[in-house]
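Below is one structure, written out as structure tokens; comments come after it.
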Amino acid sequence: MATNELDNRGVVMACPACGKKNRLLFERLGDPLRCGQCKTTLPPPASPVEVRSSADFDRLIAAASLPVAVDYWAPWCGPCRMVAPELEKVAARQAGRLLIVKVNTDALTDLGERFGIRSIPTLAVFAGGREIARTSGARPAPEIEAFIAKAVSSSGTREHETHA
Ligand SMILES: [Zn+2]
């Protein structure tokens, strides 16, 4: 499976037909994207995307047109390894409706401190530029999905205000 990457403007995805890298802008996460080279329609991100810098993270949260679920994890954390495949399932099922990103709190210590992450795994849901819910501990995909859905529906920020 091709690994999607996050930069400071969007999710960079390789076209499944020609391999060209295309950027799905944070402001248009829920919109269809056609490959700039071969015009194939790219599927929405269907797996968690690793965050590589706190600046990228801040841009994502500020601009995201879909809810973003953040998995705070670290390589040494056993329960984090248990929750990883569950998040893969949620990302696949919610593709086009939700973006799941992973924050390695060992690599991005400033983010962990800024958001007061005291235990991992912690899952936080962001919508409309702010955190709307948080939970800690590993759990199966259906429970993760239900947690996110409840957070998004009760926040009243299901859609970005500029959504056409
Ligand atoms: Zn292409």
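Treat every Asp and Glu Cβ in the chain as -1 and every Lys and Arg Cβ as +1, leave all other atoms uncharged, and give the resulting dipole magnitude about the Cα centre to the nearest 20 debye. Result for the chain is approximately 380 debye, rounded to the nearest 20.
The amide H of Leu29, built 1.01 Å from its N in the peptide plane, has Ser65, Leu66 as neighbours under 5 Å, considering only residues 5 or more places off or on other chains. Between the beta carbons of Arg34 and Lys89, assuming R0 = 30 Å, the FRET efficiency works out to 0.65 to the nearest 0.05.
Each Lys or Arg adds one and each Asp or Glu subtracts one; over the other residues with Cβ under 13 Å from the Cβ of Ser47, this totals -2. The longest part of the chain holding none of the exposed loop trypsin sites (Lys or Arg not before Pro), meaning those outside H, G, I, E and B in DSSP with at most 11 other Cβ atoms within 10 Å, is 40-117. List every residue whose amide H lies under 5 Å from the amide H of Leu42, counting only residues 5 or more places away in sequence or on a different chain, with H placed 1.01 Å from N in the peptide plane. Amide H to amide H, under 5 Å and 5 or more residues apart or across chains, Leu42 pairs with Leu33, Arg34, Cys35. The 3J(HN,Hα) values that the Karplus relation (6.51, -1.76, 1.60; θ = phi - 60°) gives for segment 113-121 are, in residue order, 6, 4, 9, x, 6, 9, 9, 10, x Hz. Gly and Pro appear as x.
Residue by residue, segment 97-105 carries 3J(HN,Hα) couplings of 10, 7, 10, 10, 10, 10, 10, 7, 6 Hz when phi is fed to the Karplus relation 6.51 cos²θ - 1.76 cosθ + 1.60 (θ = phi - 60°); x denotes Gly or Pro. Spin-label pair Met82-Glu5: with each label point 7 Å from Cα along the Cα-Cβ axis, the two points sit 3.4 nm from one another. Put a dot 7 Å past the Cα of Ala146, heading toward its Cβ, do the same for Arg118, and the two dots end up 2.6 nm apart.
Remark on Ile132: its backbone amide H falls under 5 Å from those of Val125, Phe126, Ala127, a criterion applied only to residues 5 or more positions apart or on other chains, H modelled at 1.01 Å from N. The share of Cα pairs per 5 Å bin across the chain, counted from zero up to the longest distance, runs 1, 9, 19, 22, 21, 15, 7, 3, 1, 0 percent.
Rule-based calculations on the coordinates, nothing more; no lab input. Quick caveat, the model's predicted, so the values are computed rather than measured. Note that we place each Cβ from the backbone using ideal geometry, even for glycine, and neighbour counts take in every protein chain shown.
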